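Chemist: Can you read through this structure? Questions will come right after.
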Amino acid sequence: MMVFPYSLGMKAKNWRAVERPYTRSDYIHGAPHSRINKYTMGVYKEDYTHELLLVAKEDMQIRDVSIESARITADKYLSRKAGEGNYFLEIKAHPHHVLRENKMIFGAHADRLQEGMRRAFGKPVGRAAQVSSGEPVLRVLTYENWIQTAKEALELAAKKLPKNYTIVISKISEKKVAA
């Protein structure tokens, strides 16, 4: 019989519910670093005409690995289809919340090694961004002829993230760009 060193019962849905933020990393010993490599991609220019936002439809927590996966997917699609100088991609959700897990051992005779809910505060296992309903997760600035490409890139990125999203397209006014 095989003994697993950690709980196999932890699923992605266990991390989705928004809870009280646990962010004070100076008090958290061994808090993992965020796995997001870059927060901005492409080239920022003042003359972009349209802004596309990937907006969350409900409150949730998004793990940093999911955000990184969505970023890579959107960036690769945009750079391949639109070219490096025709877009600016930005991550708006930052993973500050530290996730904890009370690890349990399963298998034969494992009941002698665990303590159940005694001192069950948990050890840090990852990070997540807490996102409210209506809050943007990703933002793309582009020109009018690349709107459809940017929309497709955000749709692909949304498939890498939990729950449901909507894409909001808006035209950038001259005053907004100058400010």
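Chemist: One residue is enough: does the stretch 66-73 have a residue meeting the conditions at pLDDT below 95, of a type in the set (V, I, T) and closer than 26 Å to Y87 by Cβ?
Modeler: Looking through the stretch 66-73, none of the residues is at pLDDT below 95, of a type in the set (V, I, T) and closer than 26 Å to Y87 by Cβ.
Chemist: So how many residues does the stretch 46-100 have that are buried (at least 18 other Cβ atoms within 10 Å of the Cβ) and closer than 13 Å to A129 by Cα?
Modeler: The total comes to 15.
Chemist: Out of I28, I36, report the one residue that is assigned to a loop (DSSP other than H, G, I, E, B) and either farther than 15 Å from G122 by Cβ or in contact with a Gly (Cβ under 9 Å, 6 or more places away or on another chain) (or both).
Modeler: I36
Listed here are the residues, each with its yes/no results for (1) within 21 Å of the chain's Cα centre (by Cα); (2) assigned to a loop (DSSP other than H, G, I, E, B); (3) modelled with pLDDT of 95 or more.
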site	(1), (2), (3)
M104	no, yes, no
A120	no, yes, no
G126	yes, no, no
G134	yes, yes, yes
L138	yes, no, yes
L141	yes, no, yes
N145	no, no, yes
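Chemist: Give the number of residues within the stretch 143-171 that are without any contact (Cβ under 8 Å) to a residue 60 or more places away in the chain and buried (at least 17 other Cβ atoms within 10 Å of the Cβ).
Modeler: 0
Chemist: Restricting the search to the stretch 58-102, which residues are of a type in the set (A, V, I, L, M, F, W, C) and within 11 Å of the chain's Cα centre (by Cα)?
Modeler: Selection gives M60, I62, V65, I67, A70, I91, A93.
The values are calculated or read from the model by the stated rules, or taken from the named source; none is laboratory data. Being a predicted model, the structure only gives us computed values, none of them experimental. Glycine gets a Cβ as well: all are built from the backbone with ideal geometry, and neighbour counts include every protein chain shown.
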